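Following: one structure in structure tokens, then a few remarks.
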Amino acid sequence: MSMAVGGCKKSDLNYGTLKAPGGAEAFESRYSVAFDDGYTAASPKIEGRAPNDVADQRLLHARLGHADLVMLVKVEHIWEKGFKGGAKRQFLEIKLGEVLYGELGSSVNGQQLVPVLGDSVPAGLEGERLLMFVRWAPGEEPSFHHHLGPAVPEVVSMIVAMVEHARKEGVLGGSGAPKN
């Protein structure tokens, strides 16, 4: 069940402490397809060859390849806030979990409020674990763009294996962040 949050001004929205670190590159429009601030309900079929499966696989790989941060999150609440331009605004209150790739600052609050654009988020999402792909967007509010999707074991295992392989090859540091 969705809950309404009324009477908030843009400046009243508190997205939490997840913010682009100093020195983060500006968000480029070419990343907008992969980091659309949206939610995908269907998990990608990582071995499928149907055209839709291939398109989903490409998006998954684009998200993974261009993400600054990939982590598991748990949906605590779904919020809706009025209408903007004829469309309701939805937010997920999430609890941050395991970081699979990148670095999460030590001052980041474990609870975050993230906007979700696009189709309505299903009410049954509360309590579910999701994968969250983040690309920093310094100077914007919030200072990141993201995409959320189901944290299915085979996709999570693939991401963990890819990150571990890159770490062993010397491409990533011990925390999973790219080496400079």
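Results, tabulated for the structure shown:
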quantity	calculated
The range 68-92, residues that are modelled with pLDDT of 95 or more and charged (D, E, K, R)	68, 74, 76
Of residues in the range 40-60 being among the small types (Gly, Ala, Ser) and farther than 17 Å from residue 129 by Cα, the one farthest from the chain's Cα centre (by Cα)	50
Any hit, the range 108-124, residues being part of a strand (DSSP E or B) and open to solvent by 50 Å² or more (accessible area, probe 1.4 Å)	yes
Pairs, first hydroxyl-bearing (Ser, Thr, Tyr) in the range 105-133, second at pLDDT 90 or above, C-beta under 9 Å, six or more apart	120/90
Qualifying residue in the range 12-21 (condition: more than 23 Å from residue 104 (Cα to Cα), of a type outside the set (Asp, Glu), under 17 Å from the mean Cα position of the chain (by Cα) and assigned to a loop (DSSP other than H, G, I, E, B))	no
Residue in the range 32-39 that is in a loop (DSSP other than H, G, I, E, B), farther than 25 Å from residue 154 by Cα and within 14 Å of the chain's Cα centre (by Cα) present	yes
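A quick yes/no check of all residues on (1) under 25 Å from residue 25 (Cβ atoms); (2) in a strand (DSSP E or B); (3) without any contact (Cβ under 8 Å) to a residue 12 or more places away in the chain:
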{"site": "41", "(1), (2), (3)": "no, no, no"}
{"site": "44", "(1), (2), (3)": "no, no, no"}
{"site": "52", "(1), (2), (3)": "no, no, yes"}
{"site": "56", "(1), (2), (3)": "no, no, no"}
{"site": "62", "(1), (2), (3)": "yes, no, no"}
{"site": "71", "(1), (2), (3)": "yes, yes, no"}
{"site": "75", "(1), (2), (3)": "no, yes, no"}
{"site": "78", "(1), (2), (3)": "no, yes, no"}
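The values are calculated or read from the model by the stated rules, or taken from the named source; none is laboratory data. This is a predicted model, so every value here is computed, not measured. Positions of Cβ are generated from backbone atoms using ideal geometry, with glycine treated the same way; all protein chains shown enter the neighbour counts. Heads up: the accessible areas ignore ligands, DNA and RNA and are worked out on the full protein's heavy atoms, side chains in. Shrake-Rupley method; radii C 1.70, N 1.55, O 1.52, S 1.80 Å.
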